[in-house]
Amino acid sequence: MPPRFALSAIALAVTTLAQAAPSAYPLDDIVVTATRTPLPVKQVIGDVTVINQEQIRNAGQTTLVELLQSQPGLEITQSGGAGAVAGVSIRGANSNQTLVLIDGLRAGSVTLGSTPLENVSLDQIDHIEILRGPASSLYGADAIGGVIQIFTKQGSGTPHATAALGLGTQGTVNGRVGYSGQTGATRFSVGAGYDKTNGGFSAARPGTFGYVPDDDGDRKRNASLSIEHALTAEHSIGLSGFYNYDRVGYDAGNASDYANNQVNGVSAYWKGKLATAWQSRVLIGQGANLTDNFSNGVSTSKFNSRQTQYQWQNDFTLSSGVLSASLERNEQKVDSATAFSVTSRTVNAGQLGYQTTLGAHSLQASLRHDDYSDFGGHTTSNLGYGYAISPLWRATASYGSAFKAPTFNDMYYPLSFGYQGNPNLKPETSRNGELALRYAAGVNAFSIAAYQNDVRDLIQINSSFSTVENIAQARLRGIELSGATHLAGVNIKASYDWQNPENRATGNILTYRAQRHGTLDLSRSFGALELGAQVIASDKRYTNASNTNTLPGYALLNVRARYKLTQDWSMLARVNNALDKDYQLVKGYNTPGINAFVGVEYNPR
């Protein structure tokens, strides 16, 4: 059971819900990730968080990983500072069991099975939707823990320019420019940005393999483009693209070791109404993750993944609800100096979804079949039910399945030092049940969710270290609490997670998962000045499967301030890890100590 202070937190949250205050937290955001169709967040049965543009700006962070670290249900690992390899776990699942989409595209590594969020710049992001819980019946493979969907900036209103420039400790420089708006039937957005830090410390700690006593810096460049033109009142065409280049230093035995990483995507689409009750959308695009490692100026390894994707979604508005039907195709390819035995495969999929509301009752259902050219097909489903107890209180229940596809590394890695991939692998599978209770009234919000996710056929290296096999099982159980309110002039947001992600064979806790973690965010405005403070806390984490080695828990304090100089100009200052806490997210690797940033932003509204 969760600790006693968590129950006290529930009582406190419910008590504060009655406080009246001006609007501070948007509860009417429209989300698409939870059902693949637009739906107000308060009507969604799934567990969803929306991080909008204002929240991203006010958070004051310069990296996507830092922003995600403060979200309910999410934990991160990172082997160093900005740009270092990072992983995001949702509800105790493996980081490669989190599906990441950028403008609806997969742009991750098909060799690792994950998306390097540490290489994606915040500059180009308009908003983020986080769906906790299985979502393979909506999006296919890898959504066992949940989905993180990133939406890049779109144009609207009178064309206008935006710009920002900031400086910080450890040689940090951040700058971006943009131009967006709408002219006639065409709306557009174009932007570019640059980020640099000297690091200020070595990624690895002394005694860690590859340690070099140097500063491992990071340098990013990014650009994004979005154009949409309305052919008629009911038909539009569009083009969007994003580019992220990241050069990051790391420790592998030489001071000159670094990696060039890219996360890119481009897509073209048409959307329109084919009949009064028939909305359709066709998208063709490609996502790419390109990685090249260097030592002494010479490339030592290259892993380039490209996924060419075709999507056709049709939404039918019926008298009894909304029915969705989609067809998809994904062509995955690997270009590498490593001689994989197979370098391409295709995935064809069909998906159905249905949602309806009848009085106080709501229903959401989805079914999907994915057919892989190598290991075959897999079908997933989800059924969710919601009941409006009152206009403010809502109870939900859901049950669904998900799967993770074996990667090219898992199946086709060539023989090397006695190890090779296993082409006979099956996908990892899961079944998840969830109950939730939610409250929403103006600025006041509260939710509690309990879940159990049984994961089977986990892919792990075998006892002889000769290959990987489907040999493990895990059970992910937990309770999530989150709330927001406005009290005595202070905006308050908090979350608390208790989880028990265990190995079913041994009963041990899975590595790098804290059984308790949470966040608290406070902010208050004083005229043109807004001050904020954030606490991120985590319990101890085990670093080995036998649970004999641990990393101690930690609590971080981040403080920030924003001052509105004029209607269009503002200044931002923040201090992260203000108490200079020495902690680790991965054993043997450093994290940033106290660091500060000051910037100015031009953003006409």
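The values are calculated or read from the model by the stated rules, or taken from the named source; none is laboratory data. Just so it is clear, the structure is predicted and the values come from calculations on it, not from any experiment. Note: ideal-geometry Cβ built from the backbone for every residue, glycine included; neighbour counts use all protein chains shown. Ligands, DNA and RNA are stripped out before the accessible areas are found, and what is left, the full protein with its side chains, is counted by its heavy atoms. Shrake-Rupley method; radii C 1.70, N 1.55, O 1.52, S 1.80 Å.
So if I check each of GLN71, GLN124, which one is at negative phi, open to solvent by 10 Å² or more (accessible area, probe 1.4 Å), in contact (Cβ under 8 Å) with a residue 12 or more places away in the chain and out of contact with any helix residue (DSSP H, G or I) (no Cβ under 7 Å at 6 or more places or on another chain)?
Going through GLN71, GLN124 in turn, the sole match is GLN71.
Within the group ASN174, ASN119, which residue is in contact with an Asp or Glu (Cβ under 7 Å, 6 or more places away or on another chain) and open to solvent by 10 Å² or more (accessible area, probe 1.4 Å)?
ASN174 is the lone residue from the list that is in contact with an Asp or Glu (Cβ under 7 Å, 6 or more places away or on another chain) and open to solvent by 10 Å² or more (accessible area, probe 1.4 Å).
Can you tell which of ARG504, ARG516 is farther than 14 Å from SER538 by Cα and surrounded by fewer than 20 Cβ atoms within 10 Å (Cβ to Cβ)?
That would be ARG504, the only listed residue that is farther than 14 Å from SER538 by Cα and surrounded by fewer than 20 Cβ atoms within 10 Å (Cβ to Cβ).
Mind listing whichever residues of the range 357-375 are free of Cβ contacts under 8 Å to residues at least 60 places away in the same chain and open to solvent by less than 20 Å² (accessible area, probe 1.4 Å)?
Matches in the range 357-375: TYR372 only.
THR591 is checked against (1) assigned to a strand (DSSP E or B); (2) open to solvent by less than 30 Å² (accessible area, probe 1.4 Å); (3) among the hydroxyl-bearing types (Ser, Thr, Tyr) and fails just one. What number does that condition carry?
(1)
How many residues does the range 561-574 contain that are within 26 Å of the chain's Cα centre (by Cα) and either farther than 30 Å from ARG513 by Cα or open to solvent by 40 Å² or more (accessible area, probe 1.4 Å) (or both)?
Residues meeting the conditions: 4.
Starting from residues that are assigned to a strand (DSSP E or B) and not aromatic (Phe, Trp, Tyr), keep the ones in the range 403-426 and report whichever is surrounded by the fewest Cβ atoms within 10 Å (Cβ to Cβ).
SER416
Please specify each residue of the range 197-229 satisfying the condition of being surrounded by fewer than 17 Cβ atoms within 10 Å (Cβ to Cβ) and among the hydrophobic types (A, V, I, L, M, F, W, C).
PHE209
What number of residues within the range 168-196 satisfy the criterion of being part of a loop (DSSP other than H, G, I, E, B) and in contact (Cβ under 8 Å) with a residue 24 or more places away in the chain?
Here the count works out to 4.
Can you report the number of residues in the range 427-483 which are charged (D, E, K, R), open to solvent by 60 Å² or more (accessible area, probe 1.4 Å) and more than 22 Å from the chain's Cα centre (by Cα)?
2
So GLY157 passes all but one of these: (1) in a loop (DSSP other than H, G, I, E, B); (2) on the phi < 0 side of the Ramachandran plot; (3) at pLDDT below 95. Which condition number does it fail?
The failed condition is (2).
Go through the range 333-351 and count every residue that is of a type in the set (A, V, I, L, M, F, W, C), open to solvent by 30 Å² or more (accessible area, probe 1.4 Å) and in contact with a Ser or Thr (Cβ under 7 Å, 6 or more places away or on another chain).
Count: 1.
Does the range 175-218 hold any residues that are among the aromatic types (Phe, Trp, Tyr) and either more than 25 Å from ALA596 (Cα to Cα) or modelled with pLDDT of 95 or more (or both), and which are they?
Correct list: TYR179, PHE188, TYR194, PHE209, TYR211.
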